[in-house]
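What follows is a set of notes on a single structure, which appears directly below.
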Amino acid sequence: QVQLVESGGGLVQPGGSLRLSCAASETIFSIYAMGWYRQAPGKQRELVATITSGGSTNYADSVKGRFTISRDNAKNTMYLQMNSLKPEDTAVYYCNTYPIRGVRWGQGTQVTVSS
């Protein structure tokens with residue numbers, strides 16, 4: 001069973017930046033399209049960004065131009081560079097395949113944007 005571990009979250013002021021990482025226990029990023037998801041308190045989990053095995057990316061309108069998804073297949077790691085953060089970006093961020101294929105969700109990493 002593949003394990004996904006997210007890291008890099010924290011407390012940041014509006015306008016600040018964070019870089020999230022997603023480490024996988026097995027080679028997965030070069031096989032499947034992957035996505036970053038987030039879940040804010042009281043809301044459903046939503047898709048933030050995706051990257052295909054070929055490297056094509058796509059973003060939710062709410063983060064387009066501010067977030068960048070990337071991956072390093074050799075390190076079995078995926079990243080989410082988040083710039084110009086807003087309070088509405090506050091959420092727990094998760095990584096998983098896109099679409100969801102039954103890989104167990106990790107614990108996520110908390111991102112809090114607040115002054």
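The values are calculated or read from the model by the stated rules, or taken from the named source; none is laboratory data. Predicted, not measured: the structure shown is a model, and the values here were computed from it. Remember, those area values only see protein heavy atoms, side chains included, never the ligands or the DNA or RNA. Shrake-Rupley method; radii C 1.70, N 1.55, O 1.52, S 1.80 Å.
Using a 1.4 Å probe on the protein heavy atoms, what percent of the accessible area of the chain belongs to carbon and sulfur?
Carbon and sulfur atoms account for 46 percent of the accessible area of the chain.
Over the C-alpha atoms of the chain, what are the Rg and the largest Cα-to-Cα span, Dmax, in Å?
Using the Cα atoms of the chain, the pair Rg, Dmax is 13.1, 40 Å.
Could you rank Leu11, Leu47, Leu20 by how accessible they are, 1.4 Å probe, largest area first?
Leu11, Leu47, Leu20
Report, ordered by chain and residue number, the lysines lying within cross-link reach of Lys86, taken as a straight Cα distance under 21 Å and ignoring same-chain residues fewer than 8 apart.
Qualifying lysines at Cα under 21 Å: Lys43, Lys64.
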